[in-house]
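Let me begin by presenting the structure, written as structure tokens, before commenting on it.
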Amino acid sequence: MKKLKQLHLRPQDTPFIWLSSFIFTAEKEKWTKAEIQEVVQAVKHLDRDSAFEKLTSLIEM
């Protein structure tokens, strides 16, 4: 899976904000719509902690 360089997530934000930030950053970093949709579909059914963990795993450290 690709990694994002510019994604910044705050634990106190809502999952909606996390997904919005992910989508904006992924588009900016030239991810395809299919790659973005794959992540969104995987994350949207997860609980809050799991969603945060999944999205932070996509951040390049």
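Here are the numbers for this structure:
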{"quantity": "Proximal lysines to residue 44, defined as alpha-carbon separation beneath 17 angstrom and excluding residues fewer than eight positions away on the same chain", "calculated": "33, 54"}
{"quantity": "Sites excluded, trypsin sites (Lys or Arg not before Pro) in DSSP loops with at most 13 other C-beta within 10 Å, longest stretch of the chain", "calculated": "6-29"}
{"quantity": "Neighbour-limited loop hits for GluC sites (Glu not before Pro), the range 1-60 (at most 10 other Cβ within 10 Å; DSSP other than H, G, I, E, B)", "calculated": "60"}
{"quantity": "Expected 222 nm ellipticity per residue - DSSP helices of 4 or more, -39500 (n - 2.57), all of the chain, to 500", "calculated": "-17000 deg cm²/dmol"}
{"quantity": "Qualifying aspartates and glutamates (Cα of each under 13 Å from Cα of residue 5; at least 8 residues distant if same chain)", "calculated": "27, 29, 60"}
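Rule-based calculations on the coordinates, nothing more; no lab input. All figures in this text were calculated on a predicted structure; none of them were measured in a lab. FYI the Cβ positions are ideal-geometry reconstructions off the backbone, even for glycines, and counts take in every protein chain you see.
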